[in-house]
1. For residue 27, tell me the accessible area in Å² from a 1.4 Å probe, rounded to the nearest 10.
2. So what is the accessible area of the chain per residue, in Å², with the probe set to 1.4 Å?
3. In nm, to one decimal, how far is the residue 73 label point from the residue 157 one, both placed 7 Å along Cα→Cβ?
4. So what is the relative contact order for the range 1-74, in percent, with contacts set as C-alpha pairs under 8 Å and at least six apart?
5. So what are the ³J(HN,Hα) numbers for the range 121-135, from phi and the Karplus equation (6.51, -1.76, 1.60; θ = phi - 60°), rounded to whole Hz, Gly and Pro as x?
6. Probe radius 1.4 Å, ligands and nucleic acids left out: which of 159, 4 has the largest accessible area, and how do the rest follow?
7. Under a 10 Å cutoff between Cα atoms, tell me which one of 74, 54, 126 has the largest fluctuation in the Gaussian network model of the chain.
8. How much accessible area does residue 128 have with a 1.4 Å probe, in Å² rounded to the nearest 10?
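The values are calculated or read from the model by the stated rules, or taken from the named source; none is laboratory data. Computed from a predicted structure; not experimentally measured. As a convention, Cβ positions derive from the backbone with ideal geometry for all residues, glycine included, and neighbour counts pool all protein chains shown. Keep in mind that these areas ignore ligands, DNA and RNA; they rest on the heavy atoms of the full protein, side chains included. Shrake-Rupley method; radii C 1.70, N 1.55, O 1.52, S 1.80 Å.
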Amino acid sequence: MLRTAEISAGLTGLPKGADTHALHFRSKLEFTVDCFVCERTGRTTVFEAGAERALCSGSRSGFGGHHTAGRIAAFDTTSGPDRLAVRAVVDFWWAPFDDTRDHRPSAAPTSHPWVRLHLGYYCQEAKKSGTGSIQTNTVRPSAVRCAHCESVLATDATTPSIRLLT
């Protein structure tokens with residue numbers, strides 16, 4: 001059955017003026033999904049806006065990743081003087097199964113939902129672009145820093161939310 005989840009997050013404390021680094025959310029995210037293809041629970045699955053399918057991390061037995069039915073159905077960001085926010089709607093196919101290794105029943109969403117949202121920016125000082133991420137399982141508040149000049153780009157103060165819609 002088709003399942004839909006809404007993922008949202010926000011960053012605060014963005015610097016003003018020349019120190020902004022043009023921080024933005026990239027249209028790629030990683031989300032834990034119980035995968036009916038490899039019949040494994042809690043698989044990290046990579047979703048990219050515009051892609052027709054997602055990439056499951058695969059089984060732990062070394063077979064690597066595989067494509068699975070999933071996509072980003074909507075992706076939008078908003079920004080204000082002191083805030084940058086993102087909202088993504090993710091569609092994925094789910095079917096009940098028992099995990100082939102751990103024999104646990106699958107769930108939609110997974111019993112321990114996790115998400116990583118990717119960031120991009122440009123450092124004027126180093127004249128280089130950079131990337132970063134925020135995720136649900138980190139200690140907060142934390143500073144998002146430029147990898148080149150160590151400037152604070154924003155504050156990650158709240159955990160990204162995951163809400164199952166269907």
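1. It works out to around 50 Å².
2. Details: 8640 Å² over 166 residues.
Heavy-atom SASA per residue in the chain reads 52 Å².
3. 3.2 nm
4. Details: 99 pairs, mean separation 14.4, N = 74.
Here the relative contact order equals 20 percent.
5. 6, 10, 8, 5, 5, 8, 6, 9, 7, x, 9, x, 7, 10, 8
6. Working: 159 80, 4 20 Å².
Most to least solvent-accessible, the answer reads 159, 4.
7. Comparing 74, 54, 126 in a Gaussian network model of the chain, the most mobile one is 126.
8. 110 Å²
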